[in-house]
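To start, the structure under review is shown below, and the notes come after it.
Please treat every number below as a calculation from the coordinates, not as lab data. Everything quoted here is computed from the prediction, not taken from an experiment. Here the Cβ positions follow ideal geometry from the backbone for every residue, glycine too, while neighbour counts run over all protein chains shown.
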Amino acid sequence: MSHLTVAGFDIYKSYLDVPAQETMVAALREMVRQAPFVVPVTPRGKPMSVRMTAAGAFGWITDRQGYRYAPEHPQGTPWPAIPQQVLDVWDALAGVARRPECCLINYYGEGARLGMHQDKDEVSYDWPVVSISLGDAGLFRMGGPERGGKTQSIWLQSGDVVVMGGAARLAHHGVDRIRFGSSTLFPKGGRVNLTLRVVT
């Protein structure tokens, strides 16, 4: 494992070894069985290219009613619990005693991307956001608190973890593209990103 800081983002390369990744994928499959992936729609009615689900007390959702956290999956069932192995990553790297209330799970298939955005639907921005990458490599782009301006990019590999805290907490960030098929973690390819957040 190596640790580097880029644009205020703390990046832990190869934090999870392959056995740990495989164990997390097994837990992920159980979460998705309980709360299937959905294709989210922006408030303007445009389908996003990523598929989403979540675990924890809250899930982040988007539809015609807007962006928000909700205590139930769109199908009307509670979100599954966040697995202990995922919480262990938070405990080791977040640097805070409080536990996350949401684990947002994004699946990037071939051609999927996520535009530059801020995570700002939470009540407080005092808590970090911890992001775990699994599967295909993704080109992660990092900016500042204002939209536009200089950005930096880094390829995130399977097992990498990013911590967004302090000045980076409200920095714009996104995933420009993935190298589909670059990892064998998922037999059909793709990238999964687990993002841990304190909501209330």
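Key figures
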| item | result |
| --- | --- |
| Among (1) of a type in the set (G, A, S); (2) closer than 28 Å to G143 by Cβ; (3) touching a His at 6+ places or on another chain (Cβ under 6 Å), the one test that A35 misses | (2) |
| Hits in the stretch 145-200 - residues which are of a type in the set (D, E) and within 23 Å of V89 (Cβ to Cβ) | D160 |
| Strands (runs of 3 or more DSSP E) enclosed by the stretch 105-200 - at least 2 residues per element that are under 23 Å from H3 (Cα atoms) | 129-135, 138-142, 152-156, 161-164, 173-178, 191-197 |
| Inter-residue pairs, beta-carbon under 6 Å, first within 14 Å of D119 (Cβ to Cβ) and in the stretch 144-173, second part of a helix (DSSP H, G or I), 6+ apart | V163/L93 |
| Single residue of the stretch 91-104 satisfying the filter (part of a loop (DSSP other than H, G, I, E, B) and among the hydrophobic types (A, V, I, L, M, F, W, C)) that is surrounded by the most Cβ atoms within 10 Å (Cβ to Cβ) | A94 |
| Residue match in the stretch 26-37 (condition: in contact with a Gly (Cβ under 8 Å, 6 or more places away or on another chain) and either more than 14 Å from P83 (Cβ to Cβ) or not β-branched (V, I, T) (or both)) | yes |
